[in-house]
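Peer 1: Once you've had a glance at the structure underneath, I'll fire off some questions.
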């Protein structure tokens, strides 16, 4: 078993200093409102903080069900920095390609890429650390990780096994020379056969857990192509020119076609699955040592295929 112990700087990823928040919503339960004001703790973690007297409203202790109102000041006590370990775990990996420098893995839906608050283990990094040596450039808790996809997005990721490979792959991402193509199922019928969404993204001013199109955000470009139209849905491919957090999900929602099954940006009435129907199907890059152009493809996961098969029978345009 391989165990990496963090230092104080690394521990900051899993702990926080005292924080103060001003409520901007009209009213609501303390636990729910506080969970929405920040991204460090989940609602269950917030509830635990409240029950252990680490949260105050306007200087007073209150229960989780306490109704806060706009203008209230919520303070969370400084959290003790605890030693955290990154443990190599013998978890199954769907490895599409591997050599001494790089590794391409097909990440399953539901797996987090790297440890973070609320997800300290059972991540792709934990599994990769057990399998292979990894680069160290991206920090102690993200070894080998050059780029990420969301927990409930499936598909291909390139992983660096050494720092030389990492620098090369990261440079290709920055230069936009690599290939990253996704398949997505969205609500509504897209009339155009192809299109581009060019809209800057940043943290939503209304909900800190979300990203949004914002005027002063970071540049983000998504190209899409219609693969199949249904009566109520459209199957598309998306090619990323940039790689912002939740980029495809936010861009498609912004043009009125949110991803099917998306719990954060989609409608409540949607097709049930394991989260958004988004799959990183194609990945291409130049090998960091040989310079050879490599391209890989991963088939749609079973639940995605099954959903499309149902739509072919019940919702297909004729």
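Peer 1: Considering the range 36-66 alone, what residues qualify as being in contact (Cβ under 8 Å) with a residue 24 or more places away in the chain, within 14 Å of residue 20 (Cα to Cα) and touching a helix residue (DSSP H, G or I) at 6+ places or on another chain (Cβ under 6 Å)?
Peer 2: Passing the criteria: only 55.
Peer 1: Tally time: how many residues in the range 124-147 are at pLDDT below 90 and closer than 25 Å to residue 281 by Cβ?
Peer 2: Count: 3.
Peer 1: If you go through the range 272-301, how many residues are within 24 Å of the chain's Cα centre (by Cα) and modelled with pLDDT of 95 or more?
Peer 2: 17
Peer 1: Considering the range 268-304 alone, what residues qualify as being surrounded by 11 or more Cβ atoms within 10 Å (Cβ to Cβ) and assigned to a helix (DSSP H, G or I)?
Peer 2: Passing the criteria: 303, 304.
Let's see how each residue does on (1) touching a residue at least 40 places away in the same chain (Cβ under 8 Å); (2) not assigned by TED's automatic domain parsing to the domain that holds residue 46:
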{"site": "72", "(1), (2)": "yes, no"}
{"site": "113", "(1), (2)": "yes, yes"}
{"site": "124", "(1), (2)": "no, yes"}
{"site": "134", "(1), (2)": "no, yes"}
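Peer 1: Determine whether the range 151-161 contains at least one residue that is under 24 Å from residue 290 (Cβ atoms), in a loop (DSSP other than H, G, I, E, B) and assigned by TED's automatic domain parsing to the domain that holds residue 292.
Peer 2: Yes; the residues of the range 151-161 include at least one that is under 24 Å from residue 290 (Cβ atoms), in a loop (DSSP other than H, G, I, E, B) and assigned by TED's automatic domain parsing to the domain that holds residue 292.
Peer 1: Going through the range 166-199 one residue at a time, which ones are modelled with pLDDT under 95, in a loop (DSSP other than H, G, I, E, B) and within 21 Å of the chain's Cα centre (by Cα)?
Peer 2: Hits for the range 166-199 are 176, 178.
Peer 1: Can you tell me which residue among 203, 239, 229 is under 24 Å from residue 283 (Cβ atoms) and either modelled with pLDDT under 95 or in the same structural domain as residue 299 (by TED's automatic domain parsing) (or both)?
Peer 2: Within the list 203, 239, 229, the selection yields 239.
Peer 1: Of 92, 63, which residue is outside any strand (DSSP E or B), farther than 20 Å from residue 170 by Cα and outside the structural domain of residue 295 (by TED's automatic domain parsing)? Outline the logic, then answer.
Peer 2: Numbers: 92 fails: outside the structural domain of residue 295 (by TED's automatic domain parsing).
It is 63.
Peer 1: Next up: Taking the stated definitions as given, is residue 236 part of a loop (DSSP other than H, G, I, E, B), in contact (Cβ under 8 Å) with a residue 24 or more places away in the chain and farther than 27 Å from residue 35 by Cα?
Peer 2: Answer is no for this residue.
Peer 1: Name the residue, out of 33, 55, 23, 73, that is closer than 21 Å to residue 206 by Cα and at pLDDT 90 or above.
Peer 2: Details: 33 fails: at pLDDT 90 or above; 55 fails: closer than 21 Å to residue 206 by Cα; 23 fails: at pLDDT 90 or above.
On inspection, the qualifying residue turns out to be 73.
Peer 1: From the list 79, 45, which one is under 30 Å from residue 127 (Cβ atoms), assigned to a loop (DSSP other than H, G, I, E, B) and modelled with pLDDT under 90?
Peer 2: On the way: 45 fails: assigned to a loop (DSSP other than H, G, I, E, B).
Exactly one of 79, 45 is under 30 Å from residue 127 (Cβ atoms), assigned to a loop (DSSP other than H, G, I, E, B) and modelled with pLDDT under 90, namely 79.
Peer 1: Scan 163, 207 and give me the residue that is over 18 Å from the mean Cα position of the chain (by Cα), surrounded by fewer than 18 Cβ atoms within 10 Å (Cβ to Cβ) and more than 28 Å from residue 299 (Cβ to Cβ). It would help to see each step written out before you state the result.
Peer 2: Working: 207 fails: over 18 Å from the mean Cα position of the chain (by Cα).
On inspection, the qualifying residue turns out to be 163.
The values are calculated or read from the model by the stated rules, or taken from the named source; none is laboratory data. This one's a predicted model, so the numbers in the text were calculated from it and none came from an experiment. Heads up, the Cβs are rebuilt from the backbone with ideal geometry, glycines too, and the neighbour counts pull from every protein chain shown.
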